[in-house]
Amino acid sequence: MTSKQKRKLTEGLFLAPTILAFIVVQIIPFIYGIYYSFTDWAGTGAASKMVGLENYIKIFQDKGFLHSFLITLEFTVLNVVAVNVVAFLISLLVTSEIRGRNVYRAGFFVPNLIGGIVLGSIWQFIFSSILPSVGQALNIAGLSKSLITNPKTVMFTMVTVNTWQYAGYIMLIFVAAIQGIPKSVMEAAEVDGAPYWRRVRSIQIPLMANSFTISLFLTLTNSFKMYDVNVALTNGGPTGLWNKTIVNSSELLALNIYNTAFKYNKMAQGQAKAVIFFLVLVIFSVIQVSWNKSKEVEM
Amino acid sequence: MAKKKEIPVERMAGSKPRPGRRLALEIVTLLLFILFMLPFVIVVLNSMRTNAEIINKPVGWPESAGNLFVNIKSVWENPTFNFLSALRDSVIITVISLAVISIFSAMAAWVLVRNKTRWSSLLFLMYVAAMVIPFQVVMFPLVTWFRDLGNFLHIPMLRSYQGIIFAYLGFGEAMSIFIFHGFIKGVPLELEEAADIDGCSRAGTFFRIVLPLLQPVFVTVLVLNGLWIWNDYLLPLLLLGAGGDIRTIPLAVAGFIGSFVKQWHLIMVSTLLAMLPIIILYIFAQKYIVQGMVDGSIK
């Protein structure tokens, strides 16, 4: 074997494990997934027959799915705003002149270390036992009943938990961006007499634009894909009335997809919903890529 | 005279220490921090109480801290939870998956960077595109396909370590290759050429020269994948099954909570035990974890 052949062989072997895993774990299931969404697949190995667009027609007539879609969009918008605002305020605090900055930075990140199943269970206890008891003791009508079992407030509980979990992570991104701003720029504005909020608005925020784009798309996809906390905190409940149909008032899309397949045994319809879910995420990333491209041109 | 001196000092505020403002910021930060840490305090306090205490008075101090050990003992010995076996399985799956993902992704990324062919660009582009694919769109076919594949190869892919580790390689490699790719582009080629001239084999060049240089980016890849795999719930649920022989910590917590509904003292202990390993790790490796998360988000 010549040294050139040897080199090619080594490089082929270097690529092989990841290519193999990629094909087996992502490409093949992905192709199967698209195919199954056009069949009457029942999840077993049994042969399935083509049914055309039937699954897609059915899921768009499924009010539970439409409801899940809408509340997922609602949750995504609320959550993106809440996480970014809270994270930004904390990042301003922990980059100010306060003592113990580093301890706070490390501390605010802690909820992000822990999985959604564990966090969701803890907060279920807080919302269903602790808060109602506090509400009754202080005579606050809004708090004296569990916020989780009320269809009107359950969204608030999910945004709270996800903000608590995720804000520390986004804060770290903002802190890194703030530290990247040259001190002299802020000091110059200070000497010129610009008040604090003016400096934040006119200097810090524009110079952090890049990190806002990153955090915006991170929180966008993270919120849209939310699953673990949804399962452990509310499990989709409580049932509520929407457009004259009984729906699970906090069942976000990822949970709706899972339940369609495994709770209601409609595997092919669950798969069709997953394909729609995938397409929405593709749209998000197309927007992100074109957004980044347009900024590159500006610079 | 005195007045004239005061004016510039006033205007320079902020950069000079202003004890009043600093104290106010410190109080706000501290209060916010206490609010953020409150759920953890609630977990610890209620792990020290009995079920009767919690039901009678959801908010209150534990009557006897010694109950913590009683509660831990009953959770520890509970066969549904079986913490030690879940901890062992989580460690096995996370550590081996991380080793496999990081080494194989680094190898692949290096070959992709050093071979500028049409094929290598196409492959890299595919990995980048694959990062958009949500787990939901492949998860149902993955289970059926893994079952068939296992039967065909006579190597079980469901309810086995090898199956889930292989799946983590497939799902984790795209982002890891992307991160390594970005870093290796900045590694000077001269070092490798020198090794080549000295008669070092291609594989030797990678393992002796390139791999040691990748250390900073290894941190990023290990942290991002490690937190994801350690806390992941959906993939283990589908590939290992609820109540199977192999169970990760999130599976154990979910199973335990499902069978001990409203036994909050025991649920709190189970979440406490589940959080402990990652928090202990964070105390020792905080610098690396924070750095890894920030670098990973920006790349």
Normalise the Cα radius of gyration of region A:1-140 by 2.2 N^0.38 Å (N = residues in it) and let me know the number.
1.81
For B:107-116, what's the mean count of beta carbons from other chains sitting within 10 Å of each residue's beta carbon?
4
Determine the alpha carbon to alpha carbon distance for each of A:LYS63/A:LYS273; A:LYS273/A:LYS293; A:LYS295/B:LYS287; A:LYS225/A:LYS263 and list only those over 23 Å.
A:LYS273/A:LYS293; A:LYS295/B:LYS287
Charge-dipole axis of region B:83-298 as Lys and Arg at +1 and Asp and Glu at -1 on Cβ define it, positive-most pick from B:GLN136, B:GLY170, B:GLY296
B:GLN136
Once you've got the GNM for chain B with C-alpha springs shorter than 10 Å, pick whichever of B:LEU31, B:LEU240, B:LEU45 has the biggest mean-square fluctuation.
B:LEU31
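Just how large is the dipole of chain A about the Cα centre, in debye to the nearest 20, putting +1 at every Lys and Arg Cβ and -1 at every Asp and Glu Cβ?
That gives a dipole near 400 debye.
With a ≥ b ≥ c the root eigenvalues of the C-alpha gyration tensor of chain A, is it rounded (a/c under 1.5), prolate (a/b larger than b/c) or oblate?
Working: a/c = 2.11, a/b = 1.16, b/c = 1.82.
In terms of gyration-tensor shape, oblate.
If you filter region A:149-233 for trypsin sites (Lys or Arg not before Pro), then keep DSSP loop positions with at most 16 other Cβ within 10 Å, what is left? Provide the component values of the computation, followed by the final result.
On the way: sites: A:LYS152, A:LYS183, A:ARG198, A:ARG199, A:ARG201, A:LYS225; in loops: A:LYS152, A:LYS225.
When the trypsin sites (Lys or Arg not before Pro) of region A:149-233 are filtered for loop state and at most 16 Cβ neighbours within 10 Å, A:LYS152 remain.
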³J(HN,Hα), Karplus 6.51/-1.76/1.60, whole Hz, each residue of region B:233-242, x for Gly, Pro
10, 5, 5, x, 4, 7, 8, 9, x, 6
For A:TRP242, residues with placed amide H under 5 Å, excluding near neighbours:
A:VAL247
Sequence-distant residues sharing a close amide H with A:THR39 (under 5 Å, placed H):
A:VAL51
Candidates A:ASN265, A:ASN55, A:ASN235, ranked by Gaussian network fluctuation over chain A, Cα under 10 Å, top entry:
A:ASN265
Whole-angstrom gap from region A:1-54 to region A:245-299, using each part's C-alpha centre
22 Å
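Under 1.5 on a/c is rounded, so check that first for region B:83-298, then, if it is not, pick prolate when a/b is larger than b/c and oblate when it is not; a ≥ b ≥ c are the square roots of the alpha carbon gyration tensor eigenvalues. If you can, show how the numbers build up before the last one.
Values: a/c = 2.41, a/b = 1.66, b/c = 1.46.
Cα axes put region B:83-298 in the prolate bin.
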What does the C-alpha gyration tensor say about the overall shape of the protein assembly as shown? Classify as rounded when a/c is under 1.5, otherwise prolate if a/b is larger than b/c, or oblate.
oblate
Put +1 on the Cβ of every Lys and Arg and -1 on every Asp and Glu Cβ in region B:83-298; which of B:VAL113, B:ALA99, B:ILE209 then has its Cα farthest towards the positive end of the dipole?
B:ALA99
Which whole-Hz ³J(HN,Hα) couplings does region A:282-294 yield from phi under the Karplus relation 6.51 cos²θ - 1.76 cosθ + 1.60, θ = phi - 60°, glycine and proline marked x?
4, 4, 3, 6, 4, 4, 4, 5, 5, 4, 4, 4, 5
Amide H neighbours of B:ASN115 at under 5 Å, excluding residues fewer than 5 places away on the same chain, with H built from the backbone geometry, are none
Please check: in the Gaussian network model of chain B (C-alpha springs, under 10 Å), which one of B:VAL217, B:VAL128, B:VAL28 has the largest mean-square fluctuation.
B:VAL28
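Normalised by the number of residues in region B:16-76, what is the relative contact order in percent for Cα pairs under 8 Å and 6+ residues apart?
Details: 25 pairs, mean separation 16.7, N = 61.
Result for region B:16-76 is 27 percent.
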From phi via Karplus (6.51, -1.76, 1.60), per-residue ³J(HN,Hα) for region A:240-251 in Hz, x at Gly/Pro:
x, 9, 9, 6, 6, 10, 7, 10, 7, 6, 10, 7
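Under 8 Å for C-alpha pairs, at least 6 residues apart: give me the relative contact order for chain B, rounded to a whole percent.
Values: 253 pairs, mean separation 82.7, N = 299.
The normalised contact order for chain B reaches 28 percent.
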Just to confirm my numbers, what's the Cα centroid distance between region A:140-182 and region A:83-105 in Å?
15 Å
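Bear in mind these aren't lab numbers, they're just calculated from the coordinates by the rules spelled out. This one's a predicted model, so the numbers in the text were calculated from it and none came from an experiment. Every residue, glycine among them, receives a Cβ derived from its backbone with ideal geometry; neighbour counts consider all protein chains shown.
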